[in-house]
Amino acid sequence: MESSSSRRPPLQEKCILVVGMNPAHQRTLIFERDGLKLGRVNRAQRVITTFGGKGQHAAKAISQLHPGACILLQSGKDICAALSQLPLHQWTFWYSDAEAATRTCTTLIQLPDPSSPDTSRHKTVMTELIDPSPELTAAEYDTIRNPVLDALSSGAVREGLRGVALCGTFPPGIPSALYEGIVQAVAANDAAAGGGTETVIVLDAWKGVLPCLSRQVVHTLKINEEELWDLCGAALPDHLTIKTTSQAAALLIDKCKLHAVAVTAGGKSAALYVSQREGGEGSASSVRLREFDFTLPDIEDRLKNPIGAGDTCTGVYLAELLTHPFTRLGEIDPQWIVDAFRKGLAAASASCLQWTGASFEREDVDALMAQIAVKETAHD
């Protein structure tokens, strides 16, 4: 555990732990004139080098709205120099014993050419080339697992933690049980606090996360539509069939006791499914599924780089949830969750207007948020 900042989080001690175990050196090549042609020499007109990874992008997005609010847990030391630009919280986790270099992700962006007779050239096209992740040894895994679980169980991190974002898959050598360990430690802290404000856990991952979800302590799942179907397929009993996105979300909400499932579907639309308890507590109460559908503004003619947009949504969604003075997330008006997700979607769209992933202008976020239409779909 190393000190990287002495700033006080503007969220009034609502610190956010972002777990991003698969970081990357991000290299973006931009092709403006001739486009990309397989089997040919392709010369980029611009190159941008920075950091990448789902958790890293989410932490960057949060830090732009709330400097100093993030704690970042990741699995690579050689990328820390690039990450030093982020205004992270005073405690930043990384393991320092890994010898393998962090992977590189190369993004190829072909800018549109409206005059081209080839209609495929009329829109921005992004292609990603991702290096294999390095494999960690058991000893290297222990150097990150043990300190973070210890820190979550005692000290300033335990006392100040208000939100957790679990982002993405794991590199070889890190088991999915790490997520289980983290959510169990967080839930145990909340239970020991004896009725204080609970720590909100957002999960932005689908592969190998059912054991974590089965602990029934994750509050909200945020994934894309394709990932939702893959996750549902793994969770679905053989005798059941799921035909709609709302049925898939309802299954996970019921099975994993989630408060909400937020689903993105590219840059055009999204949906939010919220579990609302009615009729008091205990056996007399019932749970109603509320569905909210979002239509996003068309930014195709201004699109630059969509890398990290979904991760931006995750970070801002969680940060906005934490601005509500709740004690239990399930007690707040679902409209607050709707507004938090809407701001996350607006930040995601705004990030697509910048060349560097997960960057945005606040003015763009505000303008795009006002253009997002939300409609509630009734369910019997």
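The numbers here are math on the coordinates, done by the rules we state, and not lab data. Model, not experiment: these values are computed from the prediction. In this analysis, Cβ positions are derived from the backbone assuming ideal geometry, glycine residues included, and neighbour counts consider all displayed protein chains.
Numbers below:
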{"read-out": "Estimated FRET transfer efficiency (residue 210, residue 265; beta-carbon r; R0 25 Å; 0.05)", "value": "0.65"}
{"read-out": "Long-range amide H partners of residue 266 with built H, under 5 Å", "value": "225"}
{"read-out": "Residue order, fewest to most beta carbons within 10 Å, for 15, 70, 256", "value": "256, 15, 70"}
{"read-out": "Antiparallel DSSP beta bridges within the chain, as percent of all bridges there, nearest 5", "value": "55 percent"}
{"read-out": "Approximate spin-label separation residue 128-residue 374, in nm, with each point projected 7 Å along Cα-to-Cβ", "value": "2.7 nm"}
{"read-out": "Residue 289 paired with residue 328, simple spin-label distance in nm, labels 7 Å along Cα-to-beta-carbon", "value": "2.2 nm"}
{"read-out": "FRET efficiency, 1/(1 + (r/R0)^6) with R0 22 Å, evaluated for residue 254 and residue 276 via beta carbons", "value": "0.95"}
{"read-out": "As computed over the chain, the Cα convex hull volume per residue (Å³)", "value": "159 Å³"}
{"read-out": "Residue 104 long-range amide H proximity, modeled H, under 5 Å", "value": "25, 131"}
{"read-out": "Fewest-first ranking of 126, 369, 21, using other Cβ atoms within 10 Å as the exposure measure", "value": "126, 369, 21"}
{"read-out": "The chain: calculated mean residue ellipticity at 222 nm from DSSP helix runs of at least 4, using -39500 (n - 2.57)", "value": "-9500 deg cm²/dmol"}
{"read-out": "Test item: Cα-centred dipole of the chain, Lys/Arg +1 and Asp/Glu -1 on Cβ, debye", "value": "520 debye"}
{"read-out": "The chain, relative contact order [Cα under 8 Å, separation at least 6], %", "value": "16 percent"}
{"read-out": "Over 28 Å (Cα to Cα) - which of 207/268; 60/375; 37/60; 304/343; 77/255; 37/77 fall in this group", "value": "60/375; 37/60; 77/255; 37/77"}
{"read-out": "Distant-in-sequence amide H partners of residue 165 (H built 1.01 Å from N, under 5 Å)", "value": "17, 18, 19, 202"}
{"read-out": "Of 19, 287, 217, the one that fluctuates the most in a GNM where the chain has Cα springs shorter than 10 Å", "value": "287"}
